[in-house]
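What follows is a short report on a single structure.
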Amino acid sequence: MFKKLVLGVLAIGVIATSCNDDDDSIPAAEAGTIAGGPFEFDVDGEPDMVSGVTLDATNAIGDSSVWIITDDQGLILGMPPTIEAVEGVNFDDAGAGTCLIWYARYNGSVTGLEMGMNANDVEGDFDLSNSIEVVRNQVVNAGKIAGGPFEFSVADGTPDMVSGITLDDTNAFGDNSTWVITDGDGMILGLPGTLEMVEGVDFDGAGDGLCLIWYARYNGTVTGLEMGMNANDVTGEFDLSNAIEVVRNRVANAGSIAGGPFSFDVDGDADMVSGITLDSSEAFGENSTWIITDDQGVILGLPGTLEMVEGVNFDDAGAGTCLIWYARYNGTVTGLEMGMNANNVEGDFALSNSIEVVRNQVVNAGKISGGPFTFSVGDGTPDMVSGITLDDTNAFGDNSTWVITDDQGVILGLPGTLAMVEANDFDGAGDGTCLIWYARYNGMVTGLQAGMNANDVTGDFDLSNSIEVIRNQVAKAGTISGGPFTFTAGDGTPDMVSGITIDSSNAFGENSTWIITDDQGVILGLPATLAMVEANNFDGAGAGVCLIWYARYNGTVTGLEAGMNANDVMGDFALSNSIQVTRN
């Protein structure tokens with residue numbers, strides 16, 4: 001009898017290639033020749049795949065093709081479409097017996113080419129190759145067991161029995177059977193005859209360590225299957241199943257920690273502990289964690305390592321007292337989570353001694369955000385900041401104010417509220433940089449007044465971070481004088497202007513140029529210097545009117561080029577007054 005061959009890829013079916021040739025003279029199908037094997041496997045639960053199968057299709061003929069796996073009577077067990085699919089079949093799943101691998105080619109429709117039919121009875125223009133034999137020998141097989149793994153806290157007086165173990169003996173084989181309990185190295189500790197006997201064993205008295213539960217099948221006489229021997233060394237026709245672990249844990253012990261106590265000021269500066277040590281010589285427990293609680297034991301954090309403990313910023317916690325603990329535990333515990341009390345954790349759990357961390361509250365201004373802000377001042381447009389926010393989550397202090405300083409910290413103003421800060425017009429302040437701060441303080445402080453430096457205020461006082469307000473002066477071209485000039489054009493006499501002067505006392509701008517336009521402002525030239533302006537010969541320009549200008553600008557501007565109009569230049573750009581040059 002043969003088991004049904006389980007072929008995960010065989011349900012794909014046949015790969016067929018249609019032929020559209022109108023010629024009715026189709027040669028009879030020829031399957032070609034296959035090579036490889038024969039193959040022989042032990043049915044032992046380990047995957048058994050064939051490999052190295054080859055096809056010589058030199059003389060093969062047929063529109064369609066398929067690989068076929070049959071039993072030794074030709075009954076079709078599977079039809080893998082490709083040689084790769086053939087080599088992906090696990091023959092161990094088929095049980096003991098013999099399979100045959102074939103390759104087939106055929107034309108048109110055939111009948112009988114399906115699972116459960118006999119490959120020798122297929123009707124139609126169909127041809128089978130030679131076959132490759134796959135022999136599956138039955139050997140002793142213990143099958144598979146499931147359940148667990150199991151974990152117990154031993155020596156606590158509570159019986160520790162396994163339960164829920166199951167045996168899958170679908171492919172198991174062997175005249176005799178037994179259950180086997182070993183230590184972690186395979187040393188036989190017991191040979192319970194039945195599963196009920198296995199589940200009646202009390203592992204609590206075995207001390208800490210590891211046991212393995214196995215199931216065994218064997219034929220005839222075997223040697224070494226006795227207490228004190230190693231199950232891996234049994235000789236004879238013998239097989240062990242997979243093992244189920246039974247871990248026997250000692251009751252948890254956290255050991256002891258040293259370091260501190262620590263005392264910090266809650267002032268916005270990071271406060272980390274350091275130098276904590278752990279003596280784990282007596283510690284026991286498969287799992288561990290560090291715990292930070294308040295002074296009532298409520299869990300505030302569960303850093304996994306000492307490095308993580310020393311990376312905690314206690315300044316963020318506000319004023320109060322924290323306790324640092326180390327914990328060891330076995331298995332699953334309940335209550336070991338944020339917001340629960342470490343003293344109420346249930347399970348095989350132990351806490352070390354604690355280290356105190358005292359957090360003293362001092363004045364803290366908190367943090368502000370927004371900006372930075374950049375304005376063009378002196379242009380008559382009000383320049384107000386907006387969107388500033390205050391995070392006073394950890395702020396502390398009886399009194400507060402906003403502070404505006406220059407970039408050296410000199411106090412320019414003390415607006416009492418954020419609304420007053422955002423109502424301040426920076427346009428009249430001239431160019432430069434201001435800093436906006438928030439301050440908290442207790443009692444009386446000295447130096448908190450206009451004209452003093454905010455960094456020098458004395459008393460219980462704290463400044464937040466600052467927000468920058470950059471005030472850029474808009475471009476101003478100043479004033480030019482000279483002329484006006486009148487020339488007779490086209491007489492061959494050079495016509496140059498001279499005596500032009502510039503008053504740049506109020507001029508401002510990173511860049512400058514002189515500009516010559518027509519009387520409509522169209523740019524005719526861009527002499528870079530006054531010398532270049534006065535070197536220009538207006539005699540060749542013909543009759544008309546020119547205008548001479550001076551310009552200052554910041555950054556990049558557009559439209560400042562010959563042929564464009566000077567009045568249309570875009571950007572931070574300013575023109576002086578103009579000097580007229582009339583060409584008669």
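The values are calculated or read from the model by the stated rules, or taken from the named source; none is laboratory data. This one's a predicted model, so the numbers in the text were calculated from it and none came from an experiment. Cβ atoms come from the backbone with ideal geometry, glycine included; neighbour counts cover every protein chain shown.
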Among residues of the range 550-567 being without any contact (Cβ under 8 Å) to a residue 24 or more places away in the chain and outside any loop (DSSP other than H, G, I, E, B), the residue farthest from LYS476 (Cα to Cα) is THR558
Going through (1) closer than 30 Å to PHE203 by Cβ; (2) buried (at least 18 other Cβ atoms within 10 Å of the Cβ); (3) modelled with pLDDT of 95 or more one by one, THR178 fails only at (2)
Got at least one residue in the range 211-220 being of a type in the set (Gly, Ala, Ser) and either under 49 Å from the mean Cα position of the chain (by Cα) or more than 21 Å from LYS144 (Cβ to Cβ) (or both)?
yes
Per the filter on the range 520-549, residues free of Cβ contacts under 8 Å to residues at least 40 places away in the same chain and assigned to a loop (DSSP other than H, G, I, E, B) are LEU526, PRO527, ALA528, THR529, ALA535
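Criterion first (assigned to a loop (DSSP other than H, G, I, E, B), within 20 Å of GLY36 (Cα to Cα), touching a residue at least 24 places away in the same chain (Cβ under 8 Å) and within 49 Å of the chain's Cα centre (by Cα)) does VAL66 satisfy it?
no
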The correct count of residues that are out of contact with any Leu (no Cβ under 9 Å at 6 or more places or on another chain) and assigned to a strand (DSSP E or B) in the range 459-476 is 8
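Look through the range 105-142, keep the residues that are of a type in the set (Val, Ile, Thr) and surrounded by 15 or more Cβ atoms within 10 Å (Cβ to Cβ), and return whichever of them is farthest from ALA31 (Cα to Cα).
Looking at residues that are of a type in the set (Val, Ile, Thr) and surrounded by 15 or more Cβ atoms within 10 Å (Cβ to Cβ), I get VAL140.
How many of the residues in the range 568-577 are part of a loop (DSSP other than H, G, I, E, B), surrounded by 17 or more Cβ atoms within 10 Å (Cβ to Cβ) and touching a residue at least 60 places away in the same chain (Cβ under 8 Å)?
Filtering the range 568-577 down to residues part of a loop (DSSP other than H, G, I, E, B) leaves 569, 576-577.
This time we only want the ones that are surrounded by 17 or more Cβ atoms within 10 Å (Cβ to Cβ), so: 569, 576.
Filter once more, so that each one left must be touching a residue at least 60 places away in the same chain (Cβ under 8 Å): 576.
Qualifying residue count, the range 568-577: 1.
Tell me, which strands (runs of 3 or more DSSP E) lie completely within the range 145-224 with 1 or more residues that are without any contact (Cβ under 8 Å) to a residue 60 or more places away in the chain? Let's see the steps before the verdict.
Numbers: elements: 150-153, 166-168, 176-183, 188-190, 209-223.
Where strands (runs of 3 or more DSSP E) fall fully within the range 145-224 and carry at least 1 residues being without any contact (Cβ under 8 Å) to a residue 60 or more places away in the chain, they are 166-168, 176-183, 188-190, 209-223.
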Do we have any residue at all in the range 341-356 that's closer than 30 Å to VAL246 by Cβ, surrounded by fewer than 16 Cβ atoms within 10 Å (Cβ to Cβ) and touching a strand residue (DSSP E or B) at 6+ places or on another chain (Cβ under 8 Å)?
-> yes
Exception for THR417 within (1) loosely packed, with under 14 Cβ neighbours inside 10 Å; (2) hydroxyl-bearing (Ser, Thr, Tyr); (3) over 25 Å from VAL377 (Cβ atoms) falls at (3)
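Output the residues belonging to the range 289-321 that are touching a residue at least 24 places away in the same chain (Cβ under 8 Å) and acidic (Asp, Glu).
Our first condition is that a residue be touching a residue at least 24 places away in the same chain (Cβ under 8 Å); within the range 289-321, this holds for 289-302, 306, 309-321.
Scanning the range 289-321 gives ASP294, ASP295, GLU310, ASP315, ASP316.
Can you spot a residue in the range 525-547 that is hydroxyl-bearing (Ser, Thr, Tyr), within 60 Å of the chain's Cα centre (by Cα) and under 22 Å from GLY430 (Cβ atoms)?
Taking the range 525-547 first, the residues hydroxyl-bearing (Ser, Thr, Tyr) are 529.
With within 60 Å of the chain's Cα centre (by Cα) added as a condition, the list becomes 529.
Remaining after also requiring under 22 Å from GLY430 (Cβ atoms): none.
Within the range 525-547, not a single residue is hydroxyl-bearing (Ser, Thr, Tyr), within 60 Å of the chain's Cα centre (by Cα) and under 22 Å from GLY430 (Cβ atoms).
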The strands (runs of 3 or more DSSP E) lying wholly within the range 233-278 that contain at least 1 residues that are out of contact with any Ser or Thr (no Cβ under 6 Å at 6 or more places or on another chain) and either surrounded by 13 or more Cβ atoms within 10 Å (Cβ to Cβ) or free of Cβ contacts under 8 Å to residues at least 60 places away in the same chain (or both) are 235-240, 244-249, 262-266
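Say whether the condition of being modelled with pLDDT under 95, surrounded by fewer than 21 Cβ atoms within 10 Å (Cβ to Cβ) and either not assigned by TED's automatic domain parsing to the domain that holds GLY174 or not in a strand (DSSP E or B) (or both) is met by at least one residue in the range 97-104. Can you show your working first?
Here is the first cut: in the range 97-104, the residues modelled with pLDDT under 95 are 97.
Okay, now just the ones that are also surrounded by fewer than 21 Cβ atoms within 10 Å (Cβ to Cβ), so 97.
Right, trim to either not assigned by TED's automatic domain parsing to the domain that holds GLY174 or not in a strand (DSSP E or B) (or both) and you get 97.
Scanning the range 97-104 turns up at least one residue that is modelled with pLDDT under 95, surrounded by fewer than 21 Cβ atoms within 10 Å (Cβ to Cβ) and either not assigned by TED's automatic domain parsing to the domain that holds GLY174 or not in a strand (DSSP E or B) (or both).
Yes or no, residue by residue, for (1) free of Cβ contacts under 8 Å to residues at least 12 places away in the same chain; (2) part of a strand (DSSP E or B); (3) in contact with a His (Cβ under 9 Å, 6 or more places away or on another chain):
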| site | (1), (2), (3) |
| --- | --- |
| GLY37 | no, no, no |
| VAL50 | no, no, no |
| GLU84 | yes, no, no |
| VAL89 | no, no, no |
| ASP127 | no, yes, no |
